[in-house]
Amino acid sequence: MTHRPATFAALLGLTRAASAIGDFWIQDDFCARVKGASDDHPVTYVDPATEEKTTHGTADGRRACLTHCLTYTATQAIVAGAGARALGIKVHPAAAAAALAISFTTHYAADRRVPGKGLLERIATKTGKGGFFKLADFGMNGAFHLDSAWHHGWETVAALVATTKAATR
């Protein structure tokens, strides 16, 4: 048996740290720039090493977003798994899988930011936050902050799910 609030706090802290690592250190430049590409809004990518320019549409945007979400979720699994082990927390495999599925799915939904069609932009517009979503001035980026808040919220849900049937060693 484990103390669920402490387990939740530990898993949330581990997944939050892993999320930042996955988003900012593991995600490569190509995925970061191309994951929102569509045939209607193609993205021209300039390789920083070769300076070669390539143009990418929907298929490449989906693939870049999928690649990012896979590496992001793998980072969470590794960090949360190693951290839980170090803390003596045994996470139930089905709960861990469900938590990672929540993280992967909601991350993909948010990060596939096709201009005018992305989930976060649509939600922001419908809730009166469209202006903030488009803000990119005064040292602020509204889309980035709303994206982060979205991920933090879903990471909290995932951490709650991960504590289901958790135990200490």
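Here is a check on your reading of the model: is Gly83 free of Cβ contacts under 8 Å to residues at least 60 places away in the same chain and either outside any strand (DSSP E or B) or open to solvent by 40 Å² or more (accessible area, probe 1.4 Å) (or both)? For Gly83, the condition - free of Cβ contacts under 8 Å to residues at least 60 places away in the same chain and either outside any strand (DSSP E or B) or open to solvent by 40 Å² or more (accessible area, probe 1.4 Å) (or both) - is not met. Checking each residue of the stretch 12-31 against the condition of being open to solvent by 80 Å² or more (accessible area, probe 1.4 Å), touching a residue at least 60 places away in the same chain (Cβ under 8 Å) and more than 26 Å from Arg169 (Cβ to Cβ) gives no match. Just checking, does the stretch 4-27 include any residue being under 17 Å from Ala110 (Cα atoms) and more than 19 Å from the chain's Cα centre (by Cα)? No: zero hits. Considering the conditions (1) without any contact (Cβ under 8 Å) to a residue 24 or more places away in the chain; (2) within 18 Å of Ala37 (Cβ to Cβ), Gly153 is excluded by exactly one of them, (2).
Applying the condition of being in a loop (DSSP other than H, G, I, E, B) and in contact with a His (Cβ under 7 Å, 6 or more places away or on another chain) to the stretch 1-58 and asking which residue is farthest from Lys117 (Cα to Cα) yields Gln27.
The values are calculated or read from the model by the stated rules, or taken from the named source; none is laboratory data. The shown structure was predicted, so the numbers you read here are calculated from the model rather than taken from an experiment. When we count neighbours, we look across all protein chains shown, and the Cβ atoms used for this are built from the backbone with ideal geometry, even at glycine. Heavy atoms of the whole protein, side chains included, go into the accessibility calculation; ligands, DNA and RNA do not. Shrake-Rupley method; radii C 1.70, N 1.55, O 1.52, S 1.80 Å.
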